[in-house]
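Structure, as structure tokens:
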Amino acid sequence: MNGILNWILWLPIIGMLGVILTPKDQTKTIRLVTLATTTITLLLSVVLYLNFDITTAEMQFVVKVPWIEQFHINYFLGIDGITMLMTFLNALLFFICTLSSWTVEKNVKAYFALLLMLQSTVFGVFFSLDFFLFYVYWEVMLLPMFFLIGIWGGENREYAAIKFFLYTFFGSIFMLVGIIALYYASGKGVDSFNILALQGGKFTELTVNLFGTTFSFEHLFFWFMFLGFAIKVPVFPFHTWLPHAHVQAPTAVSVILAGVLLKMGTYGFLRIAFPIFPQAAVDSADIIAVLGLISVIYGAFCAMAQDDVKKLVAYSSVSHMGFVMLGLAAMTTQGMNGAVLQMFNHGTSTAMMFLLIGILYERSHHRWIVKPDGSKGYGGLSTKLPKYTTVFIIGMFASLGLPGLSGFISEALIFLGIYQRFTTITVIAVIGLLIGAAYLLWMFKRMFFGEVNPETEDYDDMNAREVFYMIPLCVAVIVFGIYPSPLLDVMKVSVGQLVDLLAKF
Amino acid sequence: MIDQLFGFLSYYVPEIISIVLMTTLLIAEAAVKDVQAPRIKIHVFTQLVLGIVLINLFMNLDEKPLHIFHNAVTIDPFSTLVKIIMTIGTMGAIFLSHFSKDIYPSLKSEFSIMAVGVLIGGMLLASANNMLTLYLGIETLSILSYVLSSLKRDDATSTEAGMKYALYGGLSAGVALFGISHLYGVFGSIQFVEMITGLQALEGLNLAIVMISFLMFFVGIGYKISVFPFHMWTPDVYQGSPIPVTSFFAIVPKMAGLAALVRVSFVFLSEGSPLTISWIGLVLVIAAMTMTVGNVTAIGQTSVKRLLAFSSIGHVGMMILGVVVMNEAGVQAILFYGLVYLFMTLIAFYITSFLSDMYGTDSYDVFRGLIYKHPVMAIIMAAVLFSLAGMPPFSGFIAKFNIFSVIIQKKYYGIAFVAAINSVIGLYYYMKLAKTMIFSDPQGSEKVIGFTTLNQAVIIILFIPVLFLGIFWDSAMALAGNASIFIR
């Protein structure tokens, strides 16, 4: 079983080479190669789950090969409970995205090659336990995203692609400074790009001189890392790239962006920023909670004001990721578990929303709830598209946290966790839920009820392919809404270890 | 005595071959009958001989370092590696000159002759072990460079470039010489070895004189590597010169100047030198300004040649950070950076040159939609641009990582902060070019004439190290790490 992570990580690259070697005009073969690759990857991640030992917080399936001797850099992979969930989510969403991208006609070969490359790099970020390797994957991930948004995106795609790229790069370059500073602070001779070896609050005593001012090493570099991860999440006020990127990106890329890439930010907090700088994390919990709260409320209000349905869902992502930040800031068992669960659940529910919007866009070629000229974009869809409406209802209610669907459990856990620490913030954050329900239901009313808009008369309902790839997500939001234990059990021990560490500071 | 001299000469084979090559080329050009004909034989011959020089240099890499010609010249792995980089750069520029329309057919051999001449000056500079050799190196390098930059002689910008280069160059060389003569006055010697011992005993007025004259001397080198505030000539000269010349300038004189800067810094600023502290402060400021000026000014450029000129200023700003730390790791970082920079610069100029020959201009527009016409070339160019910006998995990232690593090791967090901001600015303008190439629709559908199979093959071969050194950089780092400096 030991090499399985290697297989999961490199299989998409092998698939990518397969796609590149296929002649350009054989689009069907290209799609099938991609589908085969993502299917095998999904199966492998299921195998991984079945072999996963949930009783230990140790890293599992570890692969460690020396890479650069001089800097003690290793090719070092491993997963714990948190990354197990993310691995599965990543494999599942890419499988679904391959199917949803079946209708892409522009430059098919490059599209699928980049999609597979993206999958591999995302796996790389989640698997890396070596800081250098982590950084390389974190950055390389930007390249396929840049091209996917820039070539296959909407009319304003260049701006969105550049903004996305620059923003993330800006955050991560500071992370690089932090990584190197950690390397030298940890003392040479040890394996000091090793993320696990750096964890545990080893840098509380050090100080740093920057521009003539003395800072605490731990606090300064916590904020450097914070910047890198907060931009990725995105936390208010670093969220401004997200609506552009989402609106301009093609459907599958939006799904991946919201479904997995945003989770890399919160994953960074869980794996790196919190365990390596626990003192600074505990000290900054208030600020993180307040920023999370602003993201929740502000994101929700922004969503309410949108006329573009995709932008609405994009802002709802800001709001929902704010809940994750709140759960992290709580630093309690329930809060942390809720946050990780919310990462997974938001991945499935928001993926549903973006896929559904993509399906509708293929029929209408616009995304306006209310067109700029004031006329209705849709209306009365429920009478014409029964299957679509059913799936939409499931996705929407999962998003707004209806009991019985997945969003509810994670949000409830987050509130349980955070109430013990920040009572006022909890009370205000609940309003965020309310606004969330309001904008989603209002959107639903305007699009699906009321008079049938003549423009929507000839829309076809979901076809077999579309129904097929929505099923796994519907099943996920319903099953994990009623019975979340399979997810909670996997991450419980790993999250517990982090909570115990933070409790010491 | 004679035995000794010939013994020394055996270490000097690369330079001797180059000199012989230059002379042979001079004679050969005189024998050419049809001045408009392509100089295929001459160019092939030049490449072959330079290849022999390269092999010779590689063989010298493992030799023990030593001083020859009465301490005038040092042969150490550091200078040998710099010479390797310069020789490859010269070969690359000569290859480009063969195909470029920017150089008149009748002047193709002249370009090779003078490029080899500059290379000889650069080699002298890289292994200079006293002030006089160093000055000789600078002058050999410079005078031929002035001619090279005005090679396109009926073009106003080219002659302007030559004029500007000569004026600036003459002035700064004069200032440097003035500084050197004062240094001689204080130390009573021009030998680096003797200066090191003399430095320890300096105090009072003599120290002040040394500080000021060292600063003057720095003007000469600073001008050659175009650091702020001596960078003003760079954009105009780069833009005015024919593209092969520009690509040559971006590599050979820069590397030679950097090598001289590193060696001189090791002489004057070694452990316990009274100059060290004030000097480090100065270089930090200069590096920060060089980077920032280079990168910020690059944003607004519309000519790709100018863009590359400004970006090369930014890269030099990064490289001299390796000088500030004054240790072996810093030298290693500079050498690795230089090696990577060599390949990235060559590819960027090759592709720009072929496109600009085709359309007669070097604005961003010639890159429009290149991906639809020449996908492989466009992908390589994009990769090189991202590498220049310091994105993994390309070697530009490793080069940047090494520089960051050495400065953070010495706890210069402030400059690391500045360098980080500069990386972001750099990414922006490189990305703008990559964007034009890949996201825009093509300008016409005709293929680019310059991208023949041979040229594409050469570009792909040059691209291999850009990619390879980004992932497996262990051995190249070891090579750069072994290239220690030998002074005493």
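Calculate the all-directions average of the projected area of the stretch B:38-180's alpha-carbon convex hull, and give it in nm². Present the calculation step by step, with values, prior to reporting the outcome.
On the way: hull surface 36.4 nm².
Its Cα hull, projected and averaged over all orientations, spans 9.1 nm².
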Angle, helix B:40-60 long axis vs. longest principal axis of chain B, Cα atoms, 0 to 90°, nearest 10? 40
In whole angstrom, how far apart do the alpha carbon centroids of the stretch A:293-335 and the stretch A:402-429 sit? 13
Which of B:Lys108/B:Lys373; A:Lys202/B:Lys411; A:Lys263/A:Lys311; A:Lys109/A:Lys376 have a Cα-Cα distance over 26 Å? B:Lys108/B:Lys373; A:Lys109/A:Lys376
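Please quote Rg/Rh for the stretch B:1-271 to two decimal places, taking the Kirkwood radius as Rh and restricting both calculations to Cα atoms. Walk me through the numbers on the way to the answer.
Working: Rg = 19.2 Å, Rh = 19.3 Å.
My calculation puts Rg/Rh at 1.00.
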Based only on other Cβ atoms within 10 Å, what is the fewest-to-most ordering of A:Glu362, B:Glu110? A:Glu362, B:Glu110
Let me know the volume per residue of the alpha-carbon convex hull for the stretch B:275-482, in Å³. 108
Debye log10 I(q)/I(0) at q = 0.06, 0.08, 0.11 Å⁻¹ for chain B, Cα point scatterers: -0.25, -0.45, -0.87
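Tell me, what is the percent relative contact order of chain A, built from C-alpha pairs under 8 Å that lie six or more residues apart?
After rounding, I find 16 percent.
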Going by alpha carbons, how many degrees (0 to 90, nearest 10) lie between the helix axis of B:375-389 and the longest principal axis of chain B? 30
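What is chain B's relative contact order, in percent, from Cα pairs under 8 angstrom and six or more apart in sequence?
15
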Rounded tilt (10° steps) of A:27-50 against the dominant C-alpha axis of chain A: 50
Using the alpha-carbon centroid of each, what span in Å lies between the stretch A:21-74 and the stretch B:55-119? 46
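For a quick check: sort A:Cys97, A:Cys302, A:Cys474 by the number of other beta carbons within 10 angstrom, fewest at the front.
On the way: A:Cys97 27, A:Cys302 20, A:Cys474 17.
With the sparsest Cβ surroundings first, the list reads A:Cys474, A:Cys302, A:Cys97.
Can you give the average number of partner chain beta-carbon atoms within 10 Å of each beta-carbon in peptide A:172-179, as a whole number? Please list the in-between numbers first.
Values: counts 3, 12, 5, 1, 11, 8, 1, 4.
That average works out to 6.
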Rh (Kirkwood, all Cα-Cα pairs) for chain A, Å, reads 22.9
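What ranking of B:Arg39, A:Arg465, A:Arg421, A:Arg31 emerges when the number of other C-beta atoms within 10 Å of each C-beta is taken as an exposure proxy, fewest first? Intermediate values should be presented prior to the final figure.
Numbers: B:Arg39 24, A:Arg465 12, A:Arg421 17, A:Arg31 20.
Arranged by neighbour count, lowest to highest, B:Arg39, A:Arg465, A:Arg421, A:Arg31 become A:Arg465, A:Arg421, A:Arg31, B:Arg39.
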Direction-averaged shadow area of the convex hull around the Cα atoms of the stretch A:284-505, nm²? 12.2
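Just tell me how shielded B:408-420 is by partners: mean number of partner chain Cβ atoms within 10 Å of each residue's Cβ, no decimals.
Values: counts 10, 5, 1, 6, 2, 9, 5, 0, 7, 6, 1, 2, 8.
Rounded to a whole number, the mean comes out at 5.
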Mean separation of Cα pairs under 8 Å and 6+ residues apart, divided by the residue count of the stretch B:275-482: what relative contact order is that in percent? 28
The alpha-carbon center of the stretch B:430-488 and that of the stretch A:4-19 are separated, in whole Å, by 25
Radius 14 Å from Cβ of B:Tyr12, net charge of other residues (Lys, Arg +1; Asp, Glu -1): -2
Computed [θ] at 222 nm, helices only, for chain B once each DSSP H run of length n ≥ 4 contributes -39500 (n - 2.57): -25500 deg cm²/dmol
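Ranked from highest to lowest mean number of other Cβ atoms within 10 Å per residue, what is the order of the peptides A:389-396, A:224-231? Let's see the in-between values first.
Numbers: A:389-396: 20.5, A:224-231: 24.2.
Going from most to least packed, we get A:224-231, A:389-396.
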Here the equivalent ellipsoid of the protein assembly as shown, derived from its Cα gyration tensor, has semi-axes (largest first, whole Å) of 56, 33, 23
Within 10 Å of each Cβ in A:211-222, the average number of Cβ atoms from other chains: 1
Convert each backbone phi in the stretch B:249-258 into a coupling constant with the Karplus relation 6.51 cos²θ - 1.76 cosθ + 1.60 (shift: θ = phi - 60°), then list the ³J(HN,Hα) values in order as whole Hz, x for Gly and Pro. 4, 5, 10, 5, x, 5, 5, 4, x, 4
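Can you tell me the alpha carbon radius of gyration of the stretch B:158-283 divided by the globular rule-of-thumb value 2.2 N^0.38 Å? It would help to have the intermediate numbers written out before the result.
On the way: Rg = 16.2 Å, N = 126, 2.2 N^0.38 = 13.8 Å.
Relative to the rule-of-thumb radius for its length, the stretch B:158-283 sits at 1.17.
Bear in mind these aren't lab numbers, they're just calculated from the coordinates by the rules spelled out. What you are looking at is a predicted structure, and each value in this text was computed from that prediction instead of being measured. In this analysis, Cβ positions are derived from the backbone assuming ideal geometry, glycine residues included, and neighbour counts consider all displayed protein chains.
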